[in-house]
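**Q** I have a structure I would like to understand better, so I am pasting it below and will then ask my questions one at a time.
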Amino acid sequence: MPVFSSRRTWVLSTLSLCFGAVALPAAAQSYPDKPVKLIVPFAPGGSTDIVARLVADRMQQTLGQSVVVDNRAGAGGSIGSEAVARATPDGYTIGVGTVSTLAVNPVLLKASRIDPLKDLLPITALASIPSVFSTHPSLGVKNLKGFVELARAKPEHYTAGSPGTGSIGHLIIEALNDELQVQVRHIPYRGMGPVINGALGGETQLLSDQFPSSAPHIKAGKLVPFAVGADQRLSALPQVPTFKELGHPELNELAITWFGLVAPAKTPAAVVERLNAAAVAALKAPALQSRLKELGVQPIGNTPAQFGQMMATSLERVRKVVQVRKIEAE
């Protein structure tokens, strides 16, 4: 390339960056000038919806505009996620993405029509929820070693439920089978409520569940925990080790439920930064942190780049389980 042409390209690029640097703060300062819609891809009342509403309430204090929650349930969260991806990329429609909608559905649901890494922009991870693995007391199991010995002695004899084939719960069971070299049979149910009831009634012998919903049953002695999927041991279960401690870091990470904020692709960077700042500030509020602790939820509040890496890593982890276990898309 001629020197003049190369220099001209460099000058134009530099000018473009300069003008861009001026324009971005201006866009951030004028945004938002009307209410922001926050699409939650699940029905009201679940943990994702509860946390989203708590954060939305705090965000509007920073943004100076209302953040209105819009529940778009259906197709395992795919309907709401697609609504976010197809929205005008101006920052006035954002959404909540979860490990299910951003990592599992794109791999396992044929009805999913979005690529989360191309059609969505990460804003921040909001929070994570640890999982607990427990057995029915009738098994007499008190630790991972005891469970593995029992399961290996009777392949395909013991069962574990999930909210359905292709759900994150199903993937965890398959990953556990592969990692621990056991053969626990998967039983699909219609929702997590029936899964828990099945475990409490002895219909299934192994339960993988978010800690908040299992906690009262563990406290009552109706379930016996032997491992948790968490960054560290839970204060409520100090005697129960994490899967990472037990030498299974990938299984540990897969078992941690997380969710965060996403925006349509091509949303201006300055707007994403403004939303990130508002969400992170909300998560740092002592009152909100106290409420999340009561719910058994761990606040995160990271950068868009960090959340994007979480999304990409989870997608790769799910693809690996699906390939190894030969799980068919629904």
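**Q** Using the structure shown, decide if Val280 is in a helix (DSSP H, G or I), at pLDDT 95 or above, under 23 Å from Ala52 (Cβ atoms) and open to solvent by less than 20 Å² (accessible area, probe 1.4 Å). Don't jump to the end; show me each part of the working.
**A** Numbers: in a helix (DSSP H, G or I): yes; at pLDDT 95 or above: yes; under 23 Å from Ala52 (Cβ atoms): yes; open to solvent by less than 20 Å² (accessible area, probe 1.4 Å): no.
It is false that Val280 is in a helix (DSSP H, G or I), at pLDDT 95 or above, under 23 Å from Ala52 (Cβ atoms) and open to solvent by less than 20 Å² (accessible area, probe 1.4 Å).
**Q** Here's another thing I want to ask about it. Please enumerate the residues belonging to the stretch 270-296 that are over 22 Å from Ser66 (Cβ atoms) and in contact with a Gly (Cβ under 7 Å, 6 or more places away or on another chain).
**A** Step one: of the stretch 270-296, the residues over 22 Å from Ser66 (Cβ atoms) are 286, 289-290, 293-296.
Selection gives nothing.
**Q** For a quick check of your reading of the model, give me the residue pairs whose first member lies in the stretch 29-53 and is farther than 20 Å from Pro122 by Cα, whose second is charged (D, E, K, R) and open to solvent by 60 Å² or more (accessible area, probe 1.4 Å), with beta-carbon atoms closer than 9 Å and at least 6 apart or on different chains.
**A** Qualifying pairs under 9 Å: Gln29/Arg274; Pro44/Arg53.
**Q** Kindly indicate which of Thr135, Thr124, Thr204 is among the β-branched types (Val, Ile, Thr), open to solvent by less than 40 Å² (accessible area, probe 1.4 Å) and over 25 Å from the mean Cα position of the chain (by Cα). Show your work before the answer.
**A** Numbers: Thr135 fails: over 25 Å from the mean Cα position of the chain (by Cα); Thr124 fails: over 25 Å from the mean Cα position of the chain (by Cα).
Only one candidate passes the filter, namely Thr204.
Every residue, every condition in (1) of a type in the set (Ser, Thr, Tyr); (2) under 28 Å from Lys266 (Cβ atoms); (3) touching a strand residue (DSSP E or B) at 6+ places or on another chain (Cβ under 9 Å), yes or no:
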| residue | (1), (2), (3) |
| --- | --- |
| Arg291 | no, no, no |
| Pro299 | no, no, yes |
| Pro304 | no, yes, yes |
| Met310 | no, yes, yes |
| Glu316 | no, yes, no |
| Lys320 | no, no, no |
| Lys326 | no, no, no |
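**Q** What tally of residues in the stretch 227-259 results from selecting those that are within 17 Å of Gly146 (Cβ to Cβ), surrounded by fewer than 21 Cβ atoms within 10 Å (Cβ to Cβ) and more than 20 Å from the chain's Cα centre (by Cα)?
**A** The number of residues fulfilling the criteria is 6.
The values are calculated or read from the model by the stated rules, or taken from the named source; none is laboratory data. Bear in mind the structure is a predicted one, so any value in this text is a computation, not a measurement. Note: ideal-geometry Cβ built from the backbone for every residue, glycine included; neighbour counts use all protein chains shown. Surface accessibility is based on the protein's heavy atoms, side chains included, excluding ligands, DNA and RNA. Shrake-Rupley method; radii C 1.70, N 1.55, O 1.52, S 1.80 Å.
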